[in-house]
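The values are calculated or read from the model by the stated rules, or taken from the named source; none is laboratory data. Everything numeric here is computed off the predicted structure, so don't read it as measured data. FYI the Cβ positions are ideal-geometry reconstructions off the backbone, even for glycines, and counts take in every protein chain you see. Ligands, DNA and RNA are excluded from the accessible area calculation, which covers all protein heavy atoms including side chains. Shrake-Rupley method; radii C 1.70, N 1.55, O 1.52, S 1.80 Å.
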Amino acid sequence: MPVQIVLDHPNTIWTNFDQINGKVVLKLDSQSSISSIVVKLEGESRTKLLAPAPTDFERRPRPQEEFHKILYRKTTVFPPPDIANASSQRAFTLSAGNYEYPFHFRIPINNSCTEANNPTPVTLTIKNIATTRLSDIGRNQIQHVHTTLPPTITAFPGMADIRYYVKVTVNRKEFYKENPRHVHNFNFLPIEPPRPAQRHQAETYARRRHDFAAGKQTRRSLLDSIRGRPAKPTAVLDGTPPCITVDARLPNPPIITCNRDVPLRIFVKRLNQSSHALFLHSLQITLAGHTHVRAQEVLHEVVQTWVLFSRANIGTLVLPASRPEGKKGLAASMKEGTEEEVLLDLASIGWEPNKRMLPNSVAPTFETCNIRRTYELDVEIGIGWGNSASTARNHIVLPLKHQVQVYSGIQPPVALQTAPQPRVNGNKGKRRQQRPVVEQPNQAGPSHFQDTSIAEQFGASEPLSSHNEEEEAPPPSYEDVLTDNVPSVAAGGRPVYEPPTTAGGSGFGDEKRRHS
């Protein structure tokens, strides 16, 4: 009894308010008795971490797991509602042949992870004994967060992942026969939150100052270093050594967007009068993503890096000792008394505007019940001073860091921004008190999770729905009613997002059992 999900318009990327339309194709080789055919739209966030070793040295450390159902929609395509309401039969007999049943879902804006959607503790029954994980028995998630649906995350197999899929289940009358299933996975990327208003030319910056030391430039060969010989002087640097500051500037607030240029500007300022020139030796720009994972009381932090630009041995003039009138080098000069500031022309050293985009594997900043992602933009600039680029060996690498937010680049529909603002209950949006957490050795500190949803920022309150996953679908929430007429985002306004995939699946041992 093969069954398959066929989507009408399969998208590369799905986002909030999208309509997922498709059909279930069922092929019967012989007459079969079927109770129902159920299609579900689901999203789940799973984590698994190894707990610290016990102090009594008698027990082995046990892995801690945490599971959250962040999206759940359900529809029954067979039997039709009129037949199901008029008949008391528990099963219906279908003759051999091909059958098609249409279905449609609408992806909401916020997750549906609540106490009701993740009922605990789990009770073993005859129906669920084959699909229940032993680690879920008596296990209680310590916190639920009401926020925007997070993006698909598949870069940490066996430790943390966020997946979305459409699943069809053909329920048979006989309990001893396997229920045919089919799962269609898809990538999800959320819409942007409302961008804060930016002041005209307002910028945020990371600044570092450095005072070069006077003296001789020295050269030490590798053989001299091995033999312990002192360095040989190559040139005497007379005059006052320069004193500089280096700025890495971003718009305020610091937001960078997926598949768009990074709006980074780098300034170098000389604070004193010096007879020596400044040279750019190296430049590296890196985006660091910090993924904070939690499984029950265990915390872990994973750091990923994307090198946006890296170049060494540049040797380009930044500020000359004396600049003739009207002459311009690498940067545009602005003199203020004894200080001189320049804006580096990054295109002249290879970082052209069309090469400044973020990689398509970078997910936007997000937060869900047990996983959250933050970003830092690291800039390392090497500056040297001397009479020429060949003699400017007294150089230093100055690191600069920016705490940034990464947005998806999918603009929210205008109808969502103009939605009416309801009256929000003062008790809503409060978090449950979190139990003490246990930190893994050499890991990041406790993560603070907050309740932040796009719909609340636009004026919608949190959902009031609750459902039993195995028995009934959730009723429409206030958010669903409020955003029911919001149109889908145009296909042309979506960036490319390709989360890393693994050949062995998610790495969770129960995936095949639950999806088979």
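When you check Ser36 against the structure, is it modelled with pLDDT under 95, of a type outside the set (Lys, Arg) and surrounded by 14 or more Cβ atoms within 10 Å (Cβ to Cβ), yes or no?
Taking the combined requirement at face value, the residue satisfies it.
Check whether at least one residue in segment 283-299 is loosely packed, with under 12 Cβ neighbours inside 10 Å, over 29 Å from Gly386 (Cβ atoms) and at pLDDT 85 or above, and report yes or no.
No - not one qualifying residue is present in segment 283-299.
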Scanning segment 1-31 for residues that are polar (S, T, N, Q) and open to solvent by 20 Å² or more (accessible area, probe 1.4 Å), the one modelled with the lowest pLDDT turns out to be Asn11
Only one of (1) assigned to a loop (DSSP other than H, G, I, E, B); (2) in contact with a Lys or Arg (Cβ under 6 Å, 6 or more places away or on another chain) does not apply to Leu41, and that is (1)
Inside segment 188-209, the number of residues satisfying the requirement of being open to solvent by less than 50 Å² (accessible area, probe 1.4 Å) and either part of a loop (DSSP other than H, G, I, E, B) or of a type outside the set (A, V, I, L, M, F, W, C) (or both) is 8
Considering residues that are open to solvent by less than 40 Å² (accessible area, probe 1.4 Å) and either at pLDDT 90 or above or in contact with a helix residue (DSSP H, G or I) (Cβ under 6 Å, 6 or more places away or on another chain) (or both), the number found within segment 386-398 is 1
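If you scan segment 69-83, which residues turn out to be touching a residue at least 24 places away in the same chain (Cβ under 8 Å) and either of a type in the set (A, V, I, L, M) or within 21 Å of Asn98 (Cα to Cα) (or both)? I'd like the intermediate steps shown before the answer.
Within segment 69-83, the first condition is being touching a residue at least 24 places away in the same chain (Cβ under 8 Å), and the residues that meet it are 69-79.
Those that are touching a residue at least 24 places away in the same chain (Cβ under 8 Å) and either of a type in the set (A, V, I, L, M) or within 21 Å of Asn98 (Cα to Cα) (or both): Ile70, Leu71, Thr75, Thr76, Val77, Phe78, Pro79.
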Those strands (runs of 3 or more DSSP E) completely within segment 251-318 that have 2 or more residues that are aliphatic (A, V, I, L, M) and within 21 Å of the chain's Cα centre (by Cα) are 255-257, 277-295, 298-311
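Based on what the data block shows, is Ile383 at pLDDT 90 or above, buried (at least 20 other Cβ atoms within 10 Å of the Cβ), more than 30 Å from Pro495 (Cβ to Cβ) and of a type in the set (A, V, I, L, M)?
Details: at pLDDT 90 or above: yes; buried (at least 20 other Cβ atoms within 10 Å of the Cβ): yes; more than 30 Å from Pro495 (Cβ to Cβ): yes; of a type in the set (A, V, I, L, M): yes.
Considered against the rule, which asks whether it is at pLDDT 90 or above, buried (at least 20 other Cβ atoms within 10 Å of the Cβ), more than 30 Å from Pro495 (Cβ to Cβ) and of a type in the set (A, V, I, L, M), Ile383 comes out as yes.
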All conditions in (1) surrounded by 13 or more Cβ atoms within 10 Å (Cβ to Cβ); (2) part of a loop (DSSP other than H, G, I, E, B); (3) on the phi < 0 side of the Ramachandran plot are true of Arg60 except (1)
Here the residues within segment 349-374 that are among the polar types (S, T, N, Q) and buried (at least 19 other Cβ atoms within 10 Å of the Cβ) are Thr365, Thr368, Asn370
Matching residues in segment 84-100 (polar (S, T, N, Q) and part of a strand (DSSP E or B)) number 2
Meets criteria (modelled with pLDDT of 95 or more and crowded, with 17+ Cβ neighbours inside 10 Å) for Leu278
no
